[in-house]
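Quick notes on the structure that follows.
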Amino acid sequence: MKDIVFNLIDEEKKRQSEGLELIPSENYVSADILKAMGSILTNKYSEGYPSFEGIGDIKDEWDEKSIATKILPNYRYYGGQDNIDRIERIAIDRACRLFHADHANVQPHSGANANEAVYFAWCEPGDKILAMSLPAGGHLTHGSPVTRSAKIYNFISYGVIEDGDINYDELEQKAIAEQPKIILIGYSAFMKIPDFERITKIAKKVPGCLLMADMAHVAGLIAGGVHPNPLDYGFHVMTTTTHKTLRGPRGGLILSKGNIASPLKKPEKSLENIPILIDRAVFPGTQGGPLEHIIAAKAIAFGEALKPNFKTYAKNIVENAKTLASELIKLGFILQGNGTDNHLILIDVQKSFGFDGKIYEKALDKVGLTLNANSLPTDKGAAFRPSGVRLGTPAITTRGFGESEMKTLALWMKQVASICQKAKSEENLSNFTTELGSIHSEVRTLATKFPVPGIK
């Protein structure tokens with residue numbers, strides 16, 4: 001008898017196939033990635049690391065194949081690791097080539113785990129970390145008081161200016177005054193491109209400061225060459241998730257510049273040794289056994305991102321976002337920053353139409369368009385009743401959407417906004433079932449013309 005869980009998975013397949021994902025942190029993975037995630041690698045314990053001999057010397061596909069056949073010593077706590085070691089080394093090598101890093105730790109279970117491991121590697125309890133505030137567009141792990149890391153480290157926040165860009169003057173003033181151990185550039189709701197060169201110059205005024213970039217949202221754009229890479233500008237560490245624009249499995253990744261050596265021996269605490277310190281911070285510092293089936297899927301995702309067509313994909317993400325933003329503005333939507341330079345759009349629906357982001361999220365759900373209500377820098381509290389919504393183009397670009405579909409999306413979003421103005425509350429949306437149902441039918445018709453990868 002089929003387990004009821006599989007019935008619900010089938011329901012989710014239907015929802016994804018017949019609707020459109022506009023959440024900027026979501027994407028669709030390939031059939032190969034799904035296959036790796038569901039593989040027998042999940043059966044294997046593999047605490048520790050493969051040997052790093054030869055990593056960084058790989059130049060082409062022939063050398064990568066030699067990695068897949070060469071058995072080297074490892075730093076594992078369980079036997080039977082020959083195949084696991086080779087898969088993880090391929091993942092490490094591909095990640096290094098993709099992001100111009102000296103080393104990659106592919107074991108973090110999530111972006112949050114990756115961030116915490118870097119803090120743990122470089123900071124002592126009470127040390128200062130300078131990061132973007134959550135209301136300005138930062139992430140929970142960048143110092144929100146509800147998180148574990150905020151109870152251990154002393155986070156100091158910087159914000160954004162009126163057009164949505166980083167307040168670099170504030171960042172510099174606080175960096176000089178506070179002398180933080182880490183300057184962190186990263187965000188979850190930010191539509192500009194950071195000035196990494198300027199930030200590197202600021203960090204030079206803080207001796208011993210680790211420059212860290214959390215690029216979880218734009219890693220795929222960096223890999224595709226349409227967004228600058230902080231590691232090319234003197235940053236020591238870059239963390240990211242492996243899903244979102246990178247279009248891999250859910251997981252984390254830490255990329256770093258510096259020395260590579262066995263993690264068994266504790267190194268001197270220096271910026272040059274940050275790759276080794278990070279390895280020790282991931283395991284045994286903050287995690288146990290790595291998820292090798294996910295690491296295999298990461299390796300496949302990195303391989304896909306190294307192919308030429310991924311550059312086209314990244315370029316299309318940005319072009320679609322700019323087109324969608326432009327069309328929304330024409331229809332009366334007020335956008336944070338008056339547009340976007342990456343994959344992400346923030347709409348001030350309160351200022352645009354007089355209702356909050358939550359009613360708009362609920363109404364769009366009813367027509368098969370999925371995004372999320374999101375606070376704006378001007379919001380005071382109201383986490384569950386924010387003024388805005390956040391949306392992006394990675395997932396719909398994966399399905400093949402282009403300029404024409406962006407215009408159609410904008411029109412549907414305006415139609416739903418008009419319904420929300422009439423409804424005035426979530427409860428009253430039930431009075432507009434016919435109108436919402438009509439739009440949902442149109443969304444379903446278009447969505448089914450662009451199949452979701454990996455779904456049969």
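Every read-out reported here was derived from the displayed coordinates using simple, explicitly stated rules and does not represent laboratory data. Bear in mind the structure is a predicted one, so any value in this text is a computation, not a measurement. As a convention, Cβ positions derive from the backbone with ideal geometry for all residues, glycine included, and neighbour counts pool all protein chains shown.
Counting lysine pairs in region 311-447 whose alpha carbons fall under 14 angstrom apart, excluding pairs fewer than 8 residues apart on the same chain, gives 8. Put simply, when 403-414, 270-281 are sorted by average Cβ atoms within 10 angstrom per residue, most first, you get 270-281, 403-414.
Projecting the Cα atoms of SER149, GLN81, THR370 onto the charge dipole of the chain (Cβ charges, centred on the Cα centre) puts THR370 farthest toward the positive pole.
Using Cβ point charges alone (K and R +1, D and E -1), the dipole size of region 311-447 about the Cα centre works out to roughly 100 debye.
The residues neighbouring ALA321, those whose beta-carbon lies less than 13 Å from its own, together hold a net charge of -1 under the Lys/Arg +1, Asp/Glu -1 convention. Residue ranges 304-317, 212-225, 438-451 sort as 212-225, 304-317, 438-451 when ordered by packing (mean number of other C-beta atoms within 10 Å per residue, highest first).
The distance from the alpha carbon centre of region 386-419 to that of region 165-182 is 35 Å, rounded to a whole number. In a reduced charge model with +1 at each Lys and Arg Cβ and -1 at each Asp and Glu Cβ, region 378-423 shows a dipole moment near 200 debye about its Cα centre. Taken over the chain, the convex hull of the Cα atoms encloses 150 Å³ per residue. Can you give the log10 of the normalised intensity I(q)/I(0) at q = 0.18, 0.19, 0.21 Å⁻¹, computed with Debye over equal Cα scatterers of region 413-456? Values returned for q = 0.18, 0.19, 0.21 Å⁻¹ are -0.61, -0.64, -0.71.
Name the residues of region 204-229 whose amide N is less than 16 Å from a point 7 angstrom out from the Cα of GLN179 along the C-beta direction? Of the residues in region 204-229, 204-210 have backbone N under 16 Å from the label point off GLN179. Of CYS420, CYS96, the sequence from fewest to most neighbouring Cβ atoms within 10 angstrom is CYS96, CYS420.
Along its first, second and third principal axes, ordered by size, region 243-394 spans 60, 40, 29 Å in Cα coordinates.
Against the main long axis of the alpha-carbon atoms of the chain, helix 403-423 sits at an angle near 60°. Rounded to the nearest 500, the 222 nm mean residue ellipticity of the chain from helices alone is -12500 deg cm²/dmol, with -39,500 (n - 2.57) taken per DSSP H run of at least 4 residues. Packing around the peptides 170-180, 339-349, 386-396, 134-144, taken as the average count of other Cβ atoms within 10 Å per residue, puts them in this order, highest first: 386-396, 339-349, 134-144, 170-180. Relative to the Cα centre, the charge distribution of the chain, modelled as +1 at Lys and Arg Cβ and -1 at Asp and Glu Cβ, gives a dipole magnitude of about 400 debye.
Taken along its three principal axes, the alpha carbon spread of region 311-447 comes to 44, 37, 23 Å, from the longest extent down to the shortest. Within region 1-21, list the residues whose amide N lies under 15 Å from a label point set 7 Å along Cα→Cβ of LYS456. From region 1-21, the list is 10. May I ask for the angle, rounded to the nearest 10°, between helix 82-99 and the longest principal axis of the chain, with both axes built from Cα atoms and the value confined to 0 to 90°? Once rounded, one gets 60 degrees.
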